[in-house]
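First comes the structure, then the notes that go with it.
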Ligand code: BG6
């Protein structure tokens, strides 16, 4: 076992010992939606169960449906029972937590609803000691964001009314549909909130294993000297999912994999793996380095998109042992949909560290397995002493596995025991589960807590979002203006269209089998 340590995890210790925020209120817009039940409430419940948030913490669910506070609490309890990582709900923890859950019924465009919200928040401040500290969470469809932001501003809620108070806003993805809409949304938000009040969420950044990319790179001395074009042949980033649409085809038809996954999650993984060491682990320094990576990626003009980017859509097939329908047959999908459910691309980062080192990215639905990983593929040893014994030997690969089987593995060559020199590839593995125990906090737990503490390091800054869109928008434009794609072009349960293999194979390389 490689890098085996049974020391307590510093990240979890840090969470436990130093990081209790002051009581605050979180107003969730779109509280009757799926995100609140599946992710936000289970995360808040677990933070409360682990005593990481104080007793006065309060949630106000803001939505249109007339369900009342009792109905809302019951729906949230149901959601936690279904989706929380710790189940069943502990009655004593729930009772305390539920006392701080309120429901506020209003239309998002009704000024009176926001004035009533203000009165409610003032009452909560008095009764639960929340001191004018407020988080507004946009969990609605994105089309409602501008109106809600405007109404928050008009009701005077964007600036604290109390000396100890603050106001922050969390914005869910997707952040815009392209560069122009992202710029416009940033502008609309900036009319009401300062940038340091804005928390654009990308849940990948809350994953322990994603944060560990930084720790692994910058807390160890041995990797950084070889983390560049001299030693690295190329990098592969794979985020594959075996699931299909799960009832989200209507959303997905408007979105597609490039907007749903690449613009945010894959771009974040790419910037963490390629960035320079920041001068400090704080929001400005870390995000400053990440944005430099995004800006250094060589732009792909619309006329070149087909050379560097492959898109796909799944047809019927089988995943595991199960026969599954094609994308166009999913409930709610348009039978002639042009939405891509798969994207692969080759990118170059034009800076001193990475010049001419390809980064291959791929993501898709209905692929054979759920795997997220980053593979750093090193160059071959400069001189092979054991040429005959090692003809098919694969070069070293360092794999950062984000999920599942979270861990890090290094492929190296070793001698097979015996009287002759025979060489095989072996892997040295570090597994999170074995070293730190199985249970890891959910990404949303970490991110919600960070927002309460005012730490935006793991949230996306406006210039990062814009830089990612600047790179991807020409791809969307080329697809929109070009002829209809030959969809479906891969069978569910396979690793994407043929063209995705050609993209890397014509460079003399091949995709890893994760
Ligand atoms: C979401 C996407 O942001 O990420 C989904 O909208 C996708 O389509 C999900 O399934 C994947 O997240 P995770 O944490 O399961 O890898």
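If you check every pair at least six apart or on different chains, which have Cβ atoms under 8 Å apart with a residue in the range 244-271 that is free of Cβ contacts under 8 Å to residues at least 60 places away in the same chain first and a residue that is within 11 Å of the ligand (Cβ to nearest atom) and not in a loop (DSSP other than H, G, I, E, B) second?
Matching pairs, first to second residue: none at all.
Anything in the range 250-266 that is farther than 30 Å from residue 395 by Cα, buried (at least 20 other Cβ atoms within 10 Å of the Cβ) and within 11 Å of the ligand (Cβ to nearest atom)? List them, or say none.
Going through the range 250-266, the residues farther than 30 Å from residue 395 by Cα turn out to be 250-260, 263-264.
Subset that is buried (at least 20 other Cβ atoms within 10 Å of the Cβ): 252, 256-260, 263-264.
The answer is 252, 256, 257, 259, 260, 263, 264.
Regarding residue 108, is this residue farther than 13 Å from residue 48 by Cβ, in a loop (DSSP other than H, G, I, E, B) and at pLDDT 95 or above? Give the steps one after another, and end with the answer.
Details: farther than 13 Å from residue 48 by Cβ: yes; in a loop (DSSP other than H, G, I, E, B): yes; at pLDDT 95 or above: yes.
Taking the combined requirement at face value, the residue satisfies it.
Yes or no: residue 362 crowded, with 21+ Cβ neighbours inside 10 Å and either under 17 Å from residue 412 (Cα atoms) or modelled with pLDDT of 95 or more (or both)?
Values: crowded, with 21+ Cβ neighbours inside 10 Å: yes; either under 17 Å from residue 412 (Cα atoms) or modelled with pLDDT of 95 or more (or both): yes.
In short, yes.
Can you say whether residue 246 is at pLDDT below 95, within 13 Å of the ligand (Cβ to nearest atom) and over 19 Å from residue 494 (Cα atoms), as far as the supplied structure shows? If you could, list the steps in order and put the result at the bottom.
Numbers: at pLDDT below 95: yes; within 13 Å of the ligand (Cβ to nearest atom): yes; over 19 Å from residue 494 (Cα atoms): no.
In short, no.
Any idea which residue in the range 396-432 is modelled with the highest pLDDT, counting only those that are part of a loop (DSSP other than H, G, I, E, B) and away from the ligand (no atom under 16 Å from the Cβ)? Spell out how you get there, then give the answer.
At the first step, the residues of the range 396-432 found to be part of a loop (DSSP other than H, G, I, E, B) are 396, 404-406, 416-422.
Narrowing the set further to residues that are away from the ligand (no atom under 16 Å from the Cβ) leaves 396, 416-422.
Values: 396: 94, 416: 88, 417: 91, 418: 90, 419: 90, 420: 85, 421: 84, 422: 83.
Restricting to residues being part of a loop (DSSP other than H, G, I, E, B) and away from the ligand (no atom under 16 Å from the Cβ), the top hit is 396.
Might you check whether a residue that is under 14 Å from the mean Cα position of the chain (by Cα), in contact (Cβ under 8 Å) with a residue 12 or more places away in the chain, part of a strand (DSSP E or B) and buried (at least 20 other Cβ atoms within 10 Å of the Cβ) occurs anywhere in the range 223-235? Steps first, answer last, please.
Of the residues in the range 223-235, the ones under 14 Å from the mean Cα position of the chain (by Cα) are none.
Checked against the condition, which is being under 14 Å from the mean Cα position of the chain (by Cα), in contact (Cβ under 8 Å) with a residue 12 or more places away in the chain, part of a strand (DSSP E or B) and buried (at least 20 other Cβ atoms within 10 Å of the Cβ), the range 223-235 yields no hits at all.
The values are calculated or read from the model by the stated rules, or taken from the named source; none is laboratory data. Keep in mind that what you see is a predicted model, and the values were worked out from it rather than measured. Cβ coordinates were reconstructed from backbone atoms using ideal geometry, including for glycine residues, and neighbour counts include every protein chain displayed.
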